[in-house]
1. Out of all the residues in segment 34-70, which are of a type in the set (Lys, Arg), assigned to a strand (DSSP E or B) and either more than 36 Å from the chain's Cα centre (by Cα) or under 19 Å from residue 120 (Cα atoms) (or both)?
2. Tally the residues that are of a type in the set (Lys, Arg), more than 18 Å from residue 287 (Cα to Cα) and touching a residue at least 12 places away in the same chain (Cβ under 8 Å), restricting the search to segment 305-353.
3. Do the conditions hold for residue 60, that is, is it hydroxyl-bearing (Ser, Thr, Tyr) and either surrounded by fewer than 16 Cβ atoms within 10 Å (Cβ to Cβ) or at pLDDT below 85 (or both)?
4. Among the numbered conditions (1) exposed (fewer than 15 other Cβ atoms within 10 Å of the Cβ); (2) touching a residue at least 60 places away in the same chain (Cβ under 8 Å), tell me where residue 358 comes up short.
5. Suppose we filter segment 26-36 for residues that are in contact with a strand residue (DSSP E or B) (Cβ under 7 Å, 6 or more places away or on another chain) and exposed (fewer than 15 other Cβ atoms within 10 Å of the Cβ); how many remain?
6. Would you mind telling me which numbered condition in (1) surrounded by 11 or more Cβ atoms within 10 Å (Cβ to Cβ); (2) out of contact with any Cys (no Cβ under 8 Å at 6 or more places or on another chain) residue 334 fails?
7. Looking at 319, 366, can you tell me which residue is in the same structural domain as residue 390 (by TED's automatic domain parsing) and at negative phi?
8. Among the residues of segment 132-146, write down those that are of a type in the set (S, T, N, Q) and part of a strand (DSSP E or B).
Amino acid sequence: MRAAPSLRRCVCLLLAAILDLACGYLTVNIEPLPPVVAGDAVTLKCNFKTDGRMREIVWYRVTDGGTIKQKIFTFDAMFSTNYSHMENYRKREDLVYQSTVRLPEVRISDNGPYECHVGIYDRATREKVVLASGNIFLNVMAPPTSIEVVAADTPAPFSRYQAQNFTLVCIVSGGKPAPMVYFKRDGEPIDAVPLSEPPAASSGPLQDSRPFRSLLHRDLDDTKMQKSLSLLDAENRGGRPYTERPSHGLTPDPNILLQPTTENIPETVVSREFPRWVHSAEPTYFLRHSRTPSSDGTVEVRALLTWTLNPQIDNEALFSCEVKHPALSMPMQAEVTLVAPKGPKIVMTPSRARVGDTVRILVHGFQNEVFPEPMFTWTRVGSRLLDGSAEFDGKELVLERVPA
């Protein structure tokens, strides 16, 4: 009677071995792939090992979060000429197979999960099929297709005679995943304060609590350097730079004249070409990023660089936007040079107006390339415009029925 439990265990082990021989075994795995670049050829490899007879191999592309499976490849062993001698030898034989699917020019739309399903016949009966599967996620990258730098406000409402906040926008489209975007000034990276929200609208200069950084380390030309040094020296002696608009004249108030000194102030300090003020420190830059997903799986990235524009220092400054992306062998770049307008070209039609004519006065360009597009304001010297307004904003001024 005591031998009964041992006998039962032996019978169970024997039955398990028989079932294992009947069912066989099947293992499936897909070789992992690193991220691939759109346009490259990609091969998906499905490896499986079994001691059974092959029934079928089916490749699926999974979409909509796994709810839809689209067949992309099928191999039916019933119509294959491949033959295994496993039955002739009457012994367990491991067969290693590999099924490959090649995508000659992978696209962003090919991004997503894939599955390899393998079926073998049950060793006990050909009416039953044993199934196993493996899966892989194909990560398709795409380099950005376009990059441009524009002014946030066009025409730009800044003045050559006072400091105002200004924003450059770098727009990068067509990349997947989102690229890294940063700015440089005159070839040097800009140390910007990151922002999650745009700075509050204000006419005053943007400020930051970071330590003071000297402006004079920049590679300024001699003219700008002389102006900066002279004005900074004036501040150190207790005076202040003049900030009058040109229409108010350049003669300082006698009450605020500087004390006599033996230093000769350079002629460029009183030039009308640049305003007579300067920041005593390098401007603080603020950087904000926004990302907008597109329907094709790419991401549009916008990087906004905001600072208090200084016409004396920022004129002819070169700003560049650079993009780094894992699908690029080297950074993409777009650049602009801030250039103040000089010598506007004004065209009037008709060239000789008569009383009652409608006259159009148009700014037809400048003597230099200008960026960003300036804001045009028309005024009439000594009186108001014909419609009674003090000024008119726009590139073209229309005067209807001009009087004598």
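1. Once the filter is applied, which keeps residues that are of a type in the set (Lys, Arg), assigned to a strand (DSSP E or B) and either more than 36 Å from the chain's Cα centre (by Cα) or under 19 Å from residue 120 (Cα atoms) (or both), segment 34-70 yields 45, 49, 55.
2. Matching residues across segment 305-353 total 2.
3. no
4. Tallying (1) exposed (fewer than 15 other Cβ atoms within 10 Å of the Cβ); (2) touching a residue at least 60 places away in the same chain (Cβ under 8 Å), residue 358 fails exactly one: (2).
5. Going through segment 26-36 one residue at a time, the tally reaches 4.
6. Failing condition for residue 334: (2).
7. 366
8. 133, 135, 146, listed by residue number.
The values are calculated or read from the model by the stated rules, or taken from the named source; none is laboratory data. Remember, predicted model here, so these are calculated numbers, not experimental data. So basically every Cβ, Gly included, is an ideal-geometry build from the backbone, and we count neighbours across all protein chains shown.
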